[in-house]
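The values are calculated or read from the model by the stated rules, or taken from the named source; none is laboratory data. Quick caveat, the model's predicted, so the values are computed rather than measured. FYI the Cβ positions are ideal-geometry reconstructions off the backbone, even for glycines, and counts take in every protein chain you see.
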Amino acid sequence: MSDLIFYTNPQSRGRIVRWMLEEIGEPYDTQIIDYSDLRAEGYRSVNPMAKVPAIQHRGRTVTECAAICAYLADVFPQAGLGPRDDEKADYYRWMFFAAGPIEAAVSNKAMGWEPTPERERMFGYGNFERAIGVVDALLSTRDYVCGARFTAADVYVGSQLMFPMMFGLLDKRERFTSYAERLQQRPAYKRAAELDDQAQAEAEARQPQPA
């Protein structure tokens, strides 16, 4: 058994972490968790929130996609996905901007709700257009979050843009689609997508067929 265990479901944010795992290039074991098993005692001992993904590395558990991406970049520095000294400000700022304001803005919009102008100050993202516009402006000045070089921040920020675009929750702005195209050309992204697509197909094949 590997020192690194990945708990996921191919129809979840686990796709973000799968991509990150393929980027670092280290061996890992995968445990596919069916949604019906998320609240089972066995998995709740891994993540009491009953959410995927999660990883266990040498007996320690990490949850939350942004935290997992940052952790893996840190503990596997040979992959070159962590920030250099001059990249740290952008790396941490934008990774956690995506984990906070962008995630909240997109989730609320998906539920059909946005704060009124009078209540925008209560929410970390203010309003949807402002939060998305800030990232649009960032990508007008650079190819990747930290400049000219791909880092773990791009795994997370890119995913937080690509998934909403896929489901029609975010307009396919020119800068976002160009950024997504660069990311999707990465061999690790392609490998991760193939692995998750295969896992999903296998899960569907196991489903009882109608009589």
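Tabulated data
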{"item": "Residue in region 87-99 that is touching a Pro at 6+ places or on another chain (Cβ under 7 Å) and of a type in the set (Ser, Thr, Tyr) present", "result": "yes"}
{"item": "Residues located in region 148-162, provided they are in a helix (DSSP H, G or I) and small (Gly, Ala, Ser)", "result": "Ala152, Ala153, Gly158, Ser159"}
{"item": "Breaking point among (1) closer than 19 Å to Ala180 by Cβ; (2) part of a helix (DSSP H, G or I), for Glu87", "result": "(1)"}
{"item": "Count of region 163-186 residues which are farther than 14 Å from Met20 by Cβ and assigned to a helix (DSSP H, G or I)", "result": "14"}
{"item": "Considering residues of region 187-205 that are at pLDDT 95 or above, more than 16 Å from the chain's Cα centre (by Cα) and acidic (Asp, Glu) only, the residue nearest to Trp19 (Cα to Cα)", "result": "Glu194"}
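For (1) more than 23 Å from Ile5 (Cα to Cα); (2) buried (at least 18 other Cβ atoms within 10 Å of the Cβ); (3) among the hydrophobic types (A, V, I, L, M, F, W, C); (4) in contact with a Ser or Thr (Cβ under 8 Å, 6 or more places away or on another chain), each residue gets a yes or a no:
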position	(1), (2), (3), (4)
Ala67	no, no, yes, no
Gly80	no, no, no, no
Pro83	yes, yes, no, yes
Ser107	yes, no, no, no
Gly133	yes, no, no, no
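Let's see how each residue does on (1) touching a residue at least 60 places away in the same chain (Cβ under 8 Å); (2) aliphatic (A, V, I, L, M); (3) closer than 24 Å to Glu194 by Cα; (4) not in a loop (DSSP other than H, G, I, E, B):
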| position | (1), (2), (3), (4) |
| --- | --- |
| Glu22 | yes, no, yes, yes |
| Thr30 | yes, no, yes, yes |
| Asn47 | no, no, no, no |
| Ala50 | no, yes, no, no |
| Gln56 | no, no, yes, yes |
| Ala66 | yes, yes, yes, yes |
| Cys69 | yes, no, yes, yes |
